[in-house]
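Chemist: Shown below is the structure under consideration.
The values are calculated or read from the model by the stated rules, or taken from the named source; none is laboratory data. Values in this document were obtained by computation on a predicted structure and should not be read as measured data. Don't worry about glycine lacking a Cβ; one is built from the backbone with ideal geometry, like all the others, and counts go over all protein chains shown.
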DNA sequence: ATGGCGCAATGGTTGCGA
């Protein structure tokens, strides 16, 4: 079973990329973020034709998440039951005996801003929900755009980014505490090449210069981590015409 | 230090992302 996460930065623009990528990669469950579509505009038919069921929770202009699956999708929950939020950033479902959460963590904009405070409160509430889910589901995975680079090795220029948004101590602490519930970063279960990132700024040829951040993650429960055989970042779609600024992360499970 | 780029809503320009 292959599972993946990808922030598509507008599904309207990126639907061809998504379909092309799925045609070339045998993904069973894909969590996507930043669909930026209201539910009435979601391209269900095109995704069904590609062989996937899909559930989604969207809104106009910003945010929006979805889970695509080759296997039947059950027990769908939209948003965090422990947190009142007008922004559509979370959707959960059970697929193939695994409980999945697809997450689009708030960006936070700048340390100390209102949006940063929202990010912190949102992450604290997420932890409450994930803790409750882990009580129920031994096989659990939360995939998404966390907007947090866990460590300096996940940052192209740690000095430039020191203390900045995505890299601040409080954000990293939030991620550590989330993992403290009993989750592991699938990417770090394996030896990886250096300078592996999942996002690069559109500007200043950041991708070509590999000036990126690793902010998209697949976190697995202990039981699911035992089934994990590989985790890779697929840079290919970032090379295509009109790419998303993020690229997919894939985990292979036994 | 700032802006660069891209997307959305818009109908010129702004908000936001990361």
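Chemist: So in the range A:1-12, with the set limited to residues that are in contact with a strand residue (DSSP E or B) (Cβ under 7 Å, 6 or more places away or on another chain) and in a loop (DSSP other than H, G, I, E, B), which one is nearest to DNA strand B (Cβ to nearest atom)?
Modeler: Only one residue tops the list, namely A:9.
Chemist: If the requirement is being touching a helix residue (DSSP H, G or I) at 6+ places or on another chain (Cβ under 9 Å) and in a strand (DSSP E or B), which of these qualifies: A:19, A:68, A:15? Talk me through it step by step, then tell me what you get.
Modeler: Details: A:19 fails: in a strand (DSSP E or B); A:15 fails: in a strand (DSSP E or B).
Only one candidate passes the filter, namely A:68.
Chemist: Output the residues belonging to the range A:93-115 that are away from DNA strand B (no atom under 16 Å from the Cβ) and in a loop (DSSP other than H, G, I, E, B).
Modeler: Going residue by residue through the range A:93-115, those that are away from DNA strand B (no atom under 16 Å from the Cβ) are A:93-101.
The answer is A:96, A:97.
Chemist: Count, please, the residues in the range A:22-32 that happen to be away from DNA strand B (no atom under 15 Å from the Cβ) and either within 22 Å of residue A:242 (Cβ to Cβ) or free of Cβ contacts under 8 Å to residues at least 40 places away in the same chain (or both). Talk me through it step by step, then tell me what you get.
Modeler: Initial filter on the range A:22-32 (away from DNA strand B (no atom under 15 Å from the Cβ)): A:22-30.
When the remaining residues are screened for being either within 22 Å of residue A:242 (Cβ to Cβ) or free of Cβ contacts under 8 Å to residues at least 40 places away in the same chain (or both), the result is A:22-27, A:30.
Going through the range A:22-32 one residue at a time, the tally reaches 7.
Chemist: Follow-up. Give the residue that is nearest to DNA strand B (Cβ to nearest atom), with candidates limited to residues of the range A:33-65 that are assigned to a strand (DSSP E or B) and out of contact with any helix residue (DSSP H, G or I) (no Cβ under 7 Å at 6 or more places or on another chain). Don't jump to the end; show me each part of the working.
Modeler: In the first step, residues of the range A:33-65 are kept if they are assigned to a strand (DSSP E or B); the result is A:33, A:53-57, A:65.
Next, from what is left, pick out any that are out of contact with any helix residue (DSSP H, G or I) (no Cβ under 7 Å at 6 or more places or on another chain): A:33, A:53, A:55, A:57, A:65.
Numbers: A:33: 7, A:53: 23, A:55: 20, A:57: 15, A:65: 12 Å.
This residue is A:33.
Chemist: Read through the list (1) assigned to a loop (DSSP other than H, G, I, E, B); (2) touching a residue at least 24 places away in the same chain (Cβ under 8 Å), then give the number of the only condition that residue A:208 fails.
Modeler: Every listed condition holds for residue A:208 apart from (2).
Chemist: Another one. Tell me the residue from A:103, A:74 that is in contact with a strand residue (DSSP E or B) (Cβ under 9 Å, 6 or more places away or on another chain) and in contact (Cβ under 8 Å) with a residue 24 or more places away in the chain, please. Reasoning before the result, please.
Modeler: Details: A:74 fails: in contact (Cβ under 8 Å) with a residue 24 or more places away in the chain.
Answer to the selection: A:103.
Chemist: Something else: Inspect the range A:195-203 for any residue being surrounded by 17 or more Cβ atoms within 10 Å (Cβ to Cβ) and either in a helix (DSSP H, G or I) or away from DNA strand B (no atom under 16 Å from the Cβ) (or both) and give the result as yes or no.
Modeler: Of all residues in the range A:195-203, those surrounded by 17 or more Cβ atoms within 10 Å (Cβ to Cβ) come to A:197-200.
Restricting the remaining residues to those that are either in a helix (DSSP H, G or I) or away from DNA strand B (no atom under 16 Å from the Cβ) (or both) gives none.
There is no residue in the range A:195-203 that is surrounded by 17 or more Cβ atoms within 10 Å (Cβ to Cβ) and either in a helix (DSSP H, G or I) or away from DNA strand B (no atom under 16 Å from the Cβ) (or both).
Chemist: Out of (1) at pLDDT 95 or above; (2) within 14 Å of DNA strand B (Cβ to nearest atom); (3) surrounded by fewer than 21 Cβ atoms within 10 Å (Cβ to Cβ); (4) closer than 30 Å to residue A:41 by Cβ, what's the single condition that is false for residue A:163?
Modeler: In the conditions (1) at pLDDT 95 or above; (2) within 14 Å of DNA strand B (Cβ to nearest atom); (3) surrounded by fewer than 21 Cβ atoms within 10 Å (Cβ to Cβ); (4) closer than 30 Å to residue A:41 by Cβ, residue A:163 misses (4) alone.
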